[in-house]
Amino acid sequence: MTNTALTRVLLVEDNPADARLITEYLAEQPWPNIEADAPTVDHVERLSSARDALTEDIDVVLLDLGLPDSSGVETLDEVLAVGIPAPVVVMTGLDDERVGVDAVEHGAQDYLVKDDVTPRLLQQTLRYAIRREQQQQELRQRNAELALLNQVVRHDIRNDVAVILGWGDGLEAHVDEDGQTYLDRMLNAGEHITNITETVGDFLNVLESDGEPELHPVDLESVLTNEIEKARSAYDETTITVTGDPHDELEVVATDLLSSVFRNLLNNAVSHNDKSEPEITVTVEDNGETVSVAIADNGPGVPDSQKDEIFGRGEMGLESSGSGIGLYLVDTLVEMYDGSVDLEDRAERSSASSRTQSGDNDPEGSVFTVTLQT
């Protein structure tokens, strides 16, 4: 069971009256799980003194955001930067919930409005803050262990698959036409496994990142060219055509994981295609403030009832009707970039006039359109 005993509090408060009242409140309410009548209170009045007083013995920090040498959430940031595991509860004299919410978003475990504090509320808030901090530390530790295990497993899988693919290539000259069909299936399955390990790695990078991602200009033409060439190399039977204007000065706001967006969309266009010769068309359109990249295939398409669920937007897991972690990652990354990804039938994108003039039937397949900021 999580231990929420509290024996030592660091009170950072420059107002003597407020500091005296808080100290009295801490002594007034009986405290469970400690031998003393009340926790020990270390009182300092400045941020500089708080840094020196922050030691491993501190169980919780009560922090006033307005100090002589610091003010606002920057005060909280400085305390958290010291790096001790003690949770921080912010105190404010402003009856403004937004101040407390901002503090929690910056890393405080909770906040208290001084005028509303009672001995019981103070004790409850501090004990819950300690409990939440301990639970978060345990979760971070488990996540770190799982991330390491995942890295090792993915490394071993990629190595073994590389060996299998090497042996498969060596069999090319020793199988007949019937055997070639099964060999091709085996090699495609091996490539698919490799793609899955790359996608899982990218997805973990997203989950492990702290705070908002650092978006920066990314050369879209370079990313697209690289991923299209990889897809052409991996899928010999697939024809990939590029239209539009993917010029070399076209930049979008994203991160280095943008390549994973197009890698997964291209892989999806092939792996879910039921044609013997899949065809993919990549269309790039520069709209000034945004750029859209449409990836169209000639596969079976997606039923209307599954168009939202296919990204895993409603649920993820074994019971999800989506097509897997790849498209979920695409949706997650594009949203992170303040962009959008949409799915529609190819027939919906073809104008009635162009179909009439050509005499063709409604084209089969789906179109995934990614729109990004420039």
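Every number in this text was worked out from the coordinates using simple rules, so none of it is lab data. Note that this is a predicted model, so its numbers are computed, not measured. Using ideal geometry, Cβ is built from the backbone for each residue, glycine included, and neighbour counts are taken over all protein chains shown.
The fewest-to-most ranking of Trp31, Trp167 by surrounding Cβ atoms within 10 Å reads Trp167, Trp31.
When +1 charges are put on Lys and Arg Cβ atoms and -1 charges on Asp and Glu Cβ atoms, the dipole computed for the chain relative to its Cα centre reaches about 1020 debye. For the stretch 56-159, the alpha-carbon coordinates run over 62, 29, 28 Å along the three principal axes, in decreasing order. Counting 0.36 nm for each residue step from Asp184 to Glu97 and taking away their Cα separation leaves a gain of 25.1 nm. Taking the average, over residues, of other Cβ atoms within 10 Å as the packing measure, peptides 247-255, 328-336 rank 328-336, 247-255 from highest down. Residues Glu214, Glu191, arranged from fewest to most other Cβ atoms within 10 angstrom of their Cβ, appear as Glu214, Glu191. Ordering Asp274, Asp102 by the number of other Cβ atoms within 10 Å of each residue's own Cβ, fewest first, gives Asp274, Asp102.
Note on the chain: helix-only mean residue ellipticity at 222 nm, from DSSP H runs of 4+ residues weighted -39500 (n - 2.57) and normalised by residue number, equals -15500 deg cm²/dmol.
Dividing the mean sequence gap of close Cα pairs (under 8 Å, 6+ apart) by how many residues the chain holds gives a relative contact order of 10 percent. Translational diffusion coefficient of the chain (Stokes-Einstein, Kirkwood radius from Cα pairs, 4 °C, 1.567 mPa s): 51 µm²/s.
Full extension of the chain between Glu105 and Glu229 yields a length gain of 40.4 nm, computed as 0.36 nm times the residue separation minus the alpha carbon distance. Measuring nothing but how far apart in sequence close Cα pairs (under 8 Å, 6+ apart) lie, relative to its length, the stretch 1-211 scores a relative contact order of 17 percent. Remark: spin-label model distance Ala81-Val175 equals 6.0 nm, labels positioned 7 Å along the Cα→Cβ axis. Stretching Arg120 away from Gln151 to a fully extended chain increases their span by 6.5 nm, per 0.36 nm per residue minus the current alpha-carbon distance.
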